[in-house]
Structure formats: C-alpha cells, structure tokens
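To keep things clear, I will list the structure first and then write my remarks on it.
Each value in this text was obtained by applying a stated rule to the coordinates, not by laboratory testing. The structure displayed is predicted, hence computed values, not measured ones. Don't worry about glycine lacking a Cβ; one is built from the backbone with ideal geometry, like all the others, and counts go over all protein chains shown.
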Amino acid sequence: MNITGTHINYYRLCPRKLWLFANEIQMEQTSNIVADGKVIEEESYLQRSEKYTQIQLFHDYNGIPLSGKLDFFDIKNKIIHETKRSNKVEDAHIWQVKFYLWLLQLNDIEAEKGVIEYPKLRKTEEVILKSEDITYLEKAVVEIIGLIHNDRCPPVLNAKICKSCSYYDFCYAQE
C-alpha cells in the first residue's frame, strides 16, 4: 500500500479515520462535503485545469512506498497548489502539502513552496518545508504503516470535527 497525502492528512486528523480509510472502509463517496470539495477543486480554476493536469509522483522511502497526486504544480515558479473547500482542518491540509513538497524533494524536483487555496473563503495559506518537517514526516510514515496494519481499529476520537466527518455515522452507530 502506498502512503499518500490523504494518509498524512487523516493521520493528523484522526487515527481511526486513517485506519478505516487504509483498510478500505471508505465513506467519502456518500459525503456531500467531499462532493462539494471536488466541485470546488474542478470549477474554481477553470483556466488551470484546461492547461494542466494533475501530477502523480512515487518514491520508495526505506521500503515504504509513497505516492502523491498534486492538484497543480507550477513548474516555472516551483509552487505546489492545493485546493481545499474549507480551512476547518488547516493543520491537516498544511501537512498534506508538506508531504507533497517532501515527495518532490525525494524525486529531485525543486519546489519553493506550496500554496493552499480556499476559493470559497478567498484565502490562501503559504506552506514551506523545513528540515524538522522532514524529520516529522519520516517518523509519521513509519507510524502510519504500524497503525494501518494493526488488527484493531483505534477508538472514536469524540472531537468537535467528528460531526463533519464522512465516517460520522459509522463511528457513532449505536449497535
């Protein structure tokens, strides 16, 4: 299994969501929030999608397969652009972009920074990859492998963010 930017995002949000996603219990296809995010990504920058396609990267990091699909990489300015619906979980978005910056670096592709775009909010967030971020990501991918291969699903997080999660009904079913 490839560790992706989505795995990093979910790792920062909730170990249970990560475990469920990695073990192919996927609820995103029934989520209106996820569908809304896809529409925003596709329709916010129409001229960009006409000129550019998403970039898929791979790298084997010490036996751990990594992959990432970048929304848009501006080769001229060396900037990753990632489009998101909301900044409610901005920390997870930032780490997802840092993972992409690291993946570019592992593939010997120079990137200056990342930019997270929130079109509905008319806001952007600049992301820079630092050496301590790489150290964190190196540890995180190892921890993710351990977590997703565990036989037991982590407990419910029971946090405020749970109410807008696509796994909410699954986690809070009273059976």
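If you take the beta carbon distance between Glu24 and Asn77 as r and set R0 to 45 Å, what does 1/(1 + (r/R0)^6) give as a FRET efficiency, to the nearest 0.05?
After rounding, the FRET efficiency stands at 0.75.
Once you list every other residue whose beta carbon is under 14 Å from the beta carbon of Lys130, what net charge do they have if Lys and Arg are +1 and Asp and Glu are -1?
Local charge sum for Lys130: -3.
Within region 54-120, list the trypsin sites (Lys or Arg not before Pro) lying in a DSSP loop whose Cβ has at most 16 other Cβ atoms in a 10 Å radius.
Hits after loop and neighbour filter: Lys76, Lys78, Lys88, Lys120.
What nm distance separates the two modelled labels at Asp60 and Glu126, each placed 7 Å from Cα along Cα→Cβ?
With each label placed 7 Å out from Cα toward Cβ, I get 3.8 nm.
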